[in-house]
1. What do you reckon, is Val145 hydrophobic (A, V, I, L, M, F, W, C) and outside the structural domain of Arg123 (by the TED database)?
2. Please specify each residue of the stretch 251-274 satisfying the condition of being free of Cβ contacts under 8 Å to residues at least 40 places away in the same chain and out of contact with any helix residue (DSSP H, G or I) (no Cβ under 9 Å at 6 or more places or on another chain).
3. Output the residue which, of all residues in the stretch 2-24 that are open to solvent by less than 60 Å² (accessible area, probe 1.4 Å) and in a loop (DSSP other than H, G, I, E, B), is nearest to Arg158 (Cα to Cα).
4. Test each condition in (1) at pLDDT 85 or above; (2) surrounded by fewer than 17 Cβ atoms within 10 Å (Cβ to Cβ); (3) in a loop (DSSP other than H, G, I, E, B) for Gln125 and report the one that comes out false.
5. Can you tell me which residue within the stretch 152-171, out of those that are touching a helix residue (DSSP H, G or I) at 6+ places or on another chain (Cβ under 7 Å) and open to solvent by 20 Å² or more (accessible area, probe 1.4 Å), is modelled with the lowest pLDDT?
6. Since Lys90 meets every condition but one in (1) modelled with pLDDT under 85; (2) open to solvent by 50 Å² or more (accessible area, probe 1.4 Å); (3) under 18 Å from Ala14 (Cβ atoms), which condition does it not meet?
7. Do any strands (runs of 3 or more DSSP E) entirely within the stretch 211-311 hold 1 or more residues that are surrounded by 22 or more Cβ atoms within 10 Å (Cβ to Cβ), and if so, which?
8. Looking only at residues in the stretch 186-210 that are under 22 Å from Arg268 (Cβ atoms) and not in a loop (DSSP other than H, G, I, E, B), which one is most open to solvent (accessible area, probe 1.4 Å)?
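The values are calculated or read from the model by the stated rules, or taken from the named source; none is laboratory data. Bear in mind that the values here come from a model prediction, so they are computed numbers and not experimental data. Using ideal geometry, Cβ is built from the backbone for each residue, glycine included, and neighbour counts are taken over all protein chains shown. For the accessible areas, the whole protein counts, side chains as well, though only heavy atoms, and no ligand, DNA or RNA atoms are used. Shrake-Rupley method; radii C 1.70, N 1.55, O 1.52, S 1.80 Å.
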Amino acid sequence: MDDLREIPISDFLARLGHHPVRKTGKELFYHSMLRETKQDTPSLTVWDEGGKWIDRGGPNSTGIQGGSIVQLGLAYWPQLSFVEVLNKIKDTCDMQASMIPAYKPVKSPTEQEQKGYTFELVRTQPVGRNFVLTKYLEERGILDVAHGHLHEIYYRNRLDNENKSIFYAIGWKNDQDNWEFTNAKGFKSSIGKKGISVIPCNPDHAVLFEGYMDYLSWFKVNRPDPAPTAIVLNSIVQLKNAIERVKGIPTVDVYFDNDDSGRKCTQRLIEAVPQAKDRSGVYGAYKDYNDMLRAALNEQELQHQRAGPKR
């Protein structure tokens with residue numbers, strides 16, 4: 001559900017063939033697609049930045065009048081179960097761009113592009129200069145392997161004309177040549193279109209991870225030589241793109257999370273790529289590779305404290 005909430009509601013609706021009739025400030029206005037209307041007054045409002053929507057004309061038979069993308073799916077497909085709706089949203093947003101219904105934008109391309117991407121890059125710099133971000137990488141146990149992989153990025157919200165604040169986060173590139181990022185509080189997003197991240201190396205061996213921190217944790221523990229090609233999803237919505245990347249690779253190791261969504265992604269990948277192997281048992285007692293690394297580092301620190309200073 002956290003990954004689904006990263007999807008802009010306007011993008012989700014566009015893939016279903018629904019488009020705004022006007023934009024006011026940060027809000028997009030639609031004719032309600034959830035109930036019968038006269039189509040004379042747009043009543044459904046979407047606030048992409050907050051990931052929220054509301055139908056001011058009232059709820060449909062489901063009783064749902066607003067909420068996140070999940071509540072929108074439940075109201076849009078009232079005949080489906082909760083889990084079926086989650087999968088429907090995921091499948092809808094996995095669609096290739098060529099499958100999205102064509103339409104004539106109500107605004108110029110420049111305005112449409114600005115609507116689609118919330119954040120814009122201000123500058124980047126090497127990791128280790130921002131105290132908060134450095135502390136964050138230390139806590140994740142990967143500061144020593146971050147250089148050359150991660151950057152400190154500074155960005156602003158291009159849609160908020162009232163707030164000119166510049167924010168900072170840890171960033172890395174995806175295959176769209178855009179920036180994926182996470183801040184020290186765990187907020188994740190991208191600057192520009194999302195995509196997978198590919199660290200090319202041995203073309204005959206690939207390792208796959210859900211997040212970049214897990215990849216760096218694995219890299220720190222294993223120090224592979226030669227290194228395999230690494231692929232980071234950045235979001236489970238990108239699984240289909242990752243599958244296409246690894247179909248022809250002889251050896252594929254999968255290190256997805258030990259939770260329901262991670263296991264489902266692993267199963268789906270192995271069905272599409274039979275040579276792929278589930279390696280999540282390596283960190284079976286933990287959710288992911290980074291959790292295991294941090295636990296090991298904490299245990300080392302405790303042992304060091306118990307041993308006391310050397311004389």
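1. Working: hydrophobic (A, V, I, L, M, F, W, C): yes; outside the structural domain of Arg123 (by the TED database): no.
No: the conditions fail for Val145.
2. Keep residues of the stretch 251-274 that are free of Cβ contacts under 8 Å to residues at least 40 places away in the same chain, which gives 258-260, 263-264, 266-268, 270-274.
Of everything in the stretch 251-274, those that are free of Cβ contacts under 8 Å to residues at least 40 places away in the same chain and out of contact with any helix residue (DSSP H, G or I) (no Cβ under 9 Å at 6 or more places or on another chain) turn out to be Asp259, Asp260, Gln267, Ile270, Glu271, Pro274.
3. Pro8
4. (3)
5. Among those residues, the one meeting the criterion is Leu159.
6. It fails just one condition, (2).
7. Values: elements: 228-232, 251-255, 276-278.
Of the strands (runs of 3 or more DSSP E) lying wholly inside the stretch 211-311, those with at least 1 residues that are surrounded by 22 or more Cβ atoms within 10 Å (Cβ to Cβ) span 228-232, 251-255.
8. At the first step, the residues of the stretch 186-210 found to be under 22 Å from Arg268 (Cβ atoms) are 188, 194-198, 205-210.
From what is left, the residues that are not in a loop (DSSP other than H, G, I, E, B) are 188, 197-198, 205-209.
Working: Lys188: 120, Ser197: 2, Val198: 48, His205: 47, Ala206: 0, Val207: 1, Leu208: 0, Phe209: 0 Å².
Result: Lys188.
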